[in-house]
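Shown next, in structure tokens, is the structure this report addresses.
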Amino acid sequence: MEFNEKLQELRKSRSLTQEELAEALFVSRTAISKWGSGRGYPSLDSQKEISKFFSVSIDDLICS
């Protein structure tokens with residue numbers, strides 16, 4: 001599973017909208033949209049925040 005699919009799955013498992021996740025991570029909704037569709041990739045700092053927010057390791061986020 002690719003990063004974008006994992007992000008979508010994690011977001012939906014908590015019933016969060018893109019807007020809600022963006023607010024929680026202090027990024028734009030557009031960034032969440034790009035990451036979720038595979039058109040962009042978060043910075044290392046954002047990856048750290050995502051992993052903390054969802055209580056998963058960065059390896060779990062980025063490794064297939």
*What ³J(HN,Hα) values, in whole Hz, does the Karplus curve 6.51 cos²θ - 1.76 cosθ + 1.60 give for the range 48-58 when θ = phi - 60°, with x put for Gly and Pro?*
4, 5, 4, 5, 5, 4, 9, 6, 10, 7, 4
*Could you list the square roots of 5 times each eigenvalue of the Cα gyration tensor of the chain, that is, the equivalent ellipsoid semi-axes, sorted largest first and rounded to whole Å?*
15, 12, 12
_If you roll a 1.4 angstrom probe over the protein chains with everything in place, what fraction of the accessible area of the chain belongs to carbon and sulfur, to the nearest %?_
49 percent
*Between S33 and I62, what FRET efficiency follows from the Cβ-Cβ distance if R0 is 22 Å, with the result rounded to 0.05?*
0.70
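Calculate, for the chain, the solvent-accessible area per residue in square angstrom, rolling a 1.4 angstrom probe over the heavy atoms of the protein chains.
63 Å²
The values are calculated or read from the model by the stated rules, or taken from the named source; none is laboratory data. None of the values given here were measured: they were computed from a predicted structure. Positions of Cβ are generated from backbone atoms using ideal geometry, with glycine treated the same way; all protein chains shown enter the neighbour counts. Side chains included, ligands, DNA and RNA excluded: accessible areas come from the protein's heavy atoms. Shrake-Rupley method; radii C 1.70, N 1.55, O 1.52, S 1.80 Å.
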